[in-house]
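Single-structure report; data block below.
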């Protein structure tokens, strides 16, 4: 493994660079210093995904005051919501790759057409998921192993989140358009707005201060759905801006069969790729649920904290994917490769530091979310074990996403099958029989380490540079 050495700018220029990244700038990411381009893309993408992760942490922070059944409800519902995220992220893979390639080719009109076709796909998929979620919420909780008390507490929460899944899909898809185009600042502002509303509304709707009725755990879902819905409305206004990199006009709203089929091909593989990873997560939750609500509550706290730091790290991976797509569109594959290696190095430093923090301060961190000693013990065990694997996964997640940015969605799909279905789930089941819940947690770093090694081997072969989008 080799890393490109990049000359650092003076400190004051770094500050100006971060400031420009947050404000937004019309940078051509196919030319100029790679480090500068990565930072201009990565800073808003990291902040965007940090806001997305705050949705999860905010909910579990407030809901933890309602008891272990409420926390278990959030954990089980989030495992179901991973299917929604599967569709959202899978579709967004094709969108980002296509839009980035068109922007690299200087075809802004083609980028706008691709974006609108993706939105149509998102609307159709969200309608199907929403109807199923509203009707079958109690049955879905039962299938996930929820106890009678958890089902009684959480059916409203589950029904609201699944029924409002369209806000999740559209939020991800439209932000994928902005990321592919290099308008990462708009995507960041969208999540700031949506999560700010969620943070303000959640305690009000959950606890009902004063004369307001307390909605309990259902209030958390209502607040989240409202926040995301307002975020989608903001995105639509930004797609109509005349000075944007991607501007949607009335004629772009019509269906374009060839563009739609191309997106379905890319996004279909991308969705299956994410489904493999998220289905393994659902399987792991199912194994953990056999140990009871206390263990499940501790696991939920631990995995939420891991996701909290992983999502911002995906910001760096997404920045690399955008650089790959635009660089390949501009006919500069060497630039794409250098960007990936540099982003992987940055992510290795960041997640390695966070991994150390989780190991040393796990007990202090978990204590913020629960005062139940049994739940806290399990949360600490989960956080330390899963968190220790972050340093191994850091470089691999950048490589993984870069394949997608190139339009090579099959390579990470096959890697997911090997590492998550053929390795992680069987390892979790077997180790749980030997080591209890610790065995389930141990399966995470094992699978992620193997994924990183295999991703590096495929990346060095270089076939991803030849993909057409």
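Semi-axes of the equivalent ellipsoid for region 66-107, please: Cα gyration tensor eigenvalues, times 5, square-rooted, ordered largest first, whole Å.
Taking √(5λ) for each eigenvalue gives 38, 9, 4 Å, largest first.
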Fill in the blank from the handout: Taking Cα pairs closer than 8 Å and at least 6 residues apart, the relative contact order of region 55-136 in percent is 20
Fill in the blank from the handout: On each of the three principal axes the extent of the alpha-carbon atoms of region 233-385, given in whole Å and largest first, is 59, 34, 29
Practice task
Over all alpha-carbon pairs in region 205-263, figure out the percentage whose distance exceeds 20 Å.
Solution key: 56
Handout entry: Rg(Cα)/(2.2 N^0.38 Å) for region 90-247, N = residue count
Key = 1.20
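May I ask you to sort 402, 280 by Cβ crowding, counting other Cβ atoms within 10 Å and putting the fewest first?
280, 402
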Handout entry: Share of Cα-Cα pairs in the chain lying beyond 41 Å, as whole percent
Key = 13
Exercise for the section: For a footprinting-style exposure proxy, rank 161, 54 by other Cβ within 10 Å, fewest first. Expected result: 54, 161
Fill in the blank from the handout: Shape call for region 1-154, from the Cα gyration tensor axes a ≥ b ≥ c (a/c under 1.5 means rounded, otherwise prolate when a/b beats b/c, else oblate), comes out oblate
Handout entry: For 316, 415, 311, order by how many other beta-carbon atoms lie within 10 Å, fewest first
Key = 311, 415, 316
Completion exercise
Here, residue 241 and residue 107, labelled 7 Å along Cα→Cβ, have an inter-label distance in nm of 2.5
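May I ask you to compute the full-extension gain from residue 457 to residue 265, defined as 0.36 nm times their residue separation minus their alpha-carbon distance, rounded to one decimal in nm?
Result: 66.6 nm gained on full extension.
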Exercise for the section: Could you calculate, for region 189-229, the ratio of the Cα radius of gyration to the Kirkwood radius, expressed as Rg to Rh? Expected result: 1.02
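Grab the DSSP H runs of the chain that are 4 residues or longer, score each as -39,500 (n - 2.57), total them, divide by all residues and round the 222 nm result to the nearest 500 deg cm²/dmol.
-28000 deg cm²/dmol
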Exercise for the section: Whole Å is fine, so just give me how far the alpha carbon centre of region 224-293 lies from that of region 105-172. Expected result: 9
Problem - Virtual spin-label span in nm between residue 294 and residue 214, 7 Å along Cα→Cβ - result: 2.4
Exercise for the section: Along Cα→Cβ, 7 Å out, is where each label goes; now give me the distance between the ones at residue 204 and residue 28 in nm to one decimal. Expected result: 4.8
Exercise for the section: Pop the C-beta distance of residue 120 and residue 357 into the FRET formula with R0 = 60 Å and round what comes out to the nearest 0.05. Expected result: 0.90
Exercise for the section: Rounded, prolate or oblate: pick one for region 291-344, where a ≥ b ≥ c are the square roots of the eigenvalues of its C-alpha gyration tensor, a/c under 1.5 means rounded, and failing that, prolate if a/b is larger than b/c, else oblate. Expected result: prolate
Handout entry: Relative contact order [Cα under 8 Å, 6+ residues apart], the chain, whole percent
Key = 22
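Rule-based calculations on the coordinates, nothing more; no lab input. Predicted, not measured: the structure shown is a model, and the values here were computed from it. Cβ atoms come from the backbone with ideal geometry, glycine included; neighbour counts cover every protein chain shown.
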